Amino acid sequence: MEYGIIEASSKQYWIEQGKIIDVNNLDVKSGSTIEINQILFCRNKEEILIGKPYLTQIKVEAIIKKHFLGPKVIIYKMKPKKKYRRKNGHRQQLTRLLIQKIIF
């Protein structure tokens, strides 16, 4: 079984072939293929590879499935006894990736 750990949008994700991950918004058209070069760790049937910090010989191909908004997060600020109350919401823009293959 082949799997790995990549870095995308300053976060680390566990990937396998056929897995879907959600990352921060990427400025790429939906339906296109991208290549991810920031691989931290990778394992295939024979060996385990650990990057220092990245593995340069391995690449990951992914298809951009769609762009969407994440769940709403409510921000509430209040100062007691001062009648100060602010309620605000935020929805992060996300991109859904389908990991197509890991190229060794």
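Where Lys and Arg each count +1 and Asp and Glu each count -1, what net charge lies around residue 62 among other residues with Cβ under 14 Å from its Cβ? Before the final figure, lay out each step's value.
Details: positive: 19, 29, 59, 65, 66, 96, 101; negative: 7, 16, 22, 35, 61.
Cβ neighbours under 14 Å give a net charge of +2.
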Checklist entry - Mind checking which of 58, 74, 50 has the largest fluctuation in a GNM of the chain, springs on alpha carbons under 10 Å? => result 74
Checklist entry - Of (1) 15.7; (2) 13.5; (3) 16.5, which is the value of Kirkwood radius over Cα pairs in Å derived from the coordinates here? => result (1)
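For residue 12 and residue 24, compute 0.36 nm times the residue count separating them, minus their Cα-Cα distance, and round to one decimal in nm.
Working: separation 12, 0.36 × 12 = 4.32 nm, distance 1.18 nm.
Contour length minus the Cα-Cα distance gives 3.1 nm.
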Checklist entry - Picking from 60, 23, 73, which is most flexible by a Gaussian network model of the chain using Cα springs under 10 Å? => result 73
Next on the checklist: Set the bar at 32 Å for Cα to Cα. Now go through 52/77; 66/87; 19/72 and name every pair that lies beyond it.
Outcome noted: 52/77
Checklist entry - How high is the FRET efficiency from residue 45 to residue 74, r the C-beta distance, R0 35 Å, rounded to 0.05? => result 0.15
Checklist entry - Size of the dipole of the chain about the Cα centre, Lys and Arg at +1 and Asp and Glu at -1 on the beta carbon, nothing else charged, in debye to 20? => result 1560 debye
Next on the checklist: Given a 10 angstrom Cα cut-off, can you work out which residue in 24, 44, 88 is the most mobile in a GNM of the chain?
Outcome noted: 88
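Are there GluC sites (Glu not before Pro) in the stretch 41-104 that DSSP puts in a loop and that have at most 16 other Cβ atoms within 10 Å, and which ones? Display every interim value, and only then the final one.
Working: sites: 46, 47, 61; in loops: 46, 47.
Qualifying residues, ordered by number: 46, 47.
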Next on the checklist: Students often get this wrong: which residues of the stretch 79-104 have the backbone nitrogen under 12 Å from the point 7 angstrom along Cα-to-C-beta of residue 33?
Outcome noted: 100-103
Next on the checklist: With a cap of 13 neighbouring Cβ atoms within 10 Å, and only residues DSSP puts in a loop, list the trypsin sites (Lys or Arg not before Pro) found in the stretch 1-101.
Outcome noted: 19, 29, 45, 81, 82, 83
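Values quoted throughout were computed directly from the atomic coordinates according to the rules given, and no laboratory measurement underlies them. It should be emphasised that the depicted structure is a prediction, and the values quoted were computed from it without experimental measurement. Glycine gets a Cβ as well: all are built from the backbone with ideal geometry, and neighbour counts include every protein chain shown.
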